[in-house]
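Input: a single structure, listed below in structure tokens.
Each value in this text was obtained by applying a stated rule to the coordinates, not by laboratory testing. This is a predicted model, so every value here is computed, not measured. Methodologically, a virtual Cβ is constructed for each residue, glycine included, from the backbone with ideal geometry; neighbour enumeration extends over all protein chains shown.
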Amino acid sequence: MTQVILGRLYDMMPHKQRLLSALPEPYQKKALRYVQEKDQVRSAVGSLLIARFVYLESIEIGPRGKPYAPDGPCFNISHAGDYIGIIVGDNDVGIDIEEVSRCNLSIVKAAFTDEEALLIHDCHDLAKAWTIKEAVGKCLGEGLLMPHENGVKLDMEGRCIYKEKTFYLRCFEHLGHAFAFAKRSPFDELTIDVIGVDRLLQ
């Protein structure tokens, strides 16, 4: 089973001190290194989401910067706008979230191949295509280096090909945000849960 848990920044902001207090000291310091309070809360919520599945102290960083737990499940984190999310699965997974209103069609030529650009007609298409590319890159553990040169063969539906590897996708749009989840194997079951601060701190 693949799990996605989402937290809403709007719900979390009033509880910043509770969130920070629930973290080990290194993760408190990590969150407080951000200047903006919203980013501090996003960092704290992301760490607490990870802590629901793995010991924070066990996390290591891969060669291209992707966090992982050697003895734990595969996971990936994303945040944008009002959402912070984690995806957890039994093999490599990736998640990306984007605010649709912040998508700028002027980036299409720079960020997408000609083939990909044919699928993008408006900001909703752009948000979907961008989150797919990001989720796939994060699933692979390397991000999207030179995204306009490394094309993702999108069908904008259930799967895509990137660097001769097949990735399985789930995508949706909700409350002005685009969400994409990527996995190296088919989604046998996917659960999506939006939680508040009390459940996050349990």
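Miscellaneous remarks
- Of the chymotrypsin sites (Phe, Trp or Tyr not before Pro) found in the stretch 1-83, the ones in coil according to DSSP and having at most 14 other Cβ atoms within 10 Å of their Cβ are Y34, Y55.
- Rounded to the nearest 20 debye, dipole of the stretch 5-151 from Cβ charges on Lys, Arg, Asp, Glu: 660
- Between the amide H of C74 and those of G89, N91, distances stay under 5 Å, these residues lying 5 or more places away or on another chain, with hydrogens modeled in the peptide plane.
- Remark: the stretch 88-94, residue by residue, has Karplus-estimated 3J(HN,Hα) of 10, x, 8, 8, 3, 9, x Hz, where x stands for each Gly or Pro and the curve is 6.51 cos²θ - 1.76 cosθ + 1.60 at θ = phi - 60°.
- Length gained on full extension, Y34 to Q202, computed as 0.36 nm times the residue gap minus the Cα-Cα distance: 58.0 nm.
- Rounded FRET efficiency, nearest 0.05, which uses the C-beta distance separating T166 from S101 and R0 of 25 Å: 0.20
- Summing charges over all other residues whose Cβ lies under 14 Å from the Cβ of V54, with Lys and Arg as +1 and Asp and Glu as -1, gives -2.
- In sequence order, calculated HN-Hα J values of the stretch 71-81 (Karplus, 6.51, -1.76, 1.60; Hz; x Gly/Pro): 10, x, x, 6, 8, 7, 10, 8, 8, 6, x
- Kyte-Doolittle mean at least 1.6, axial Cα span of 30 Å or more - DSSP H helices of the chain: none
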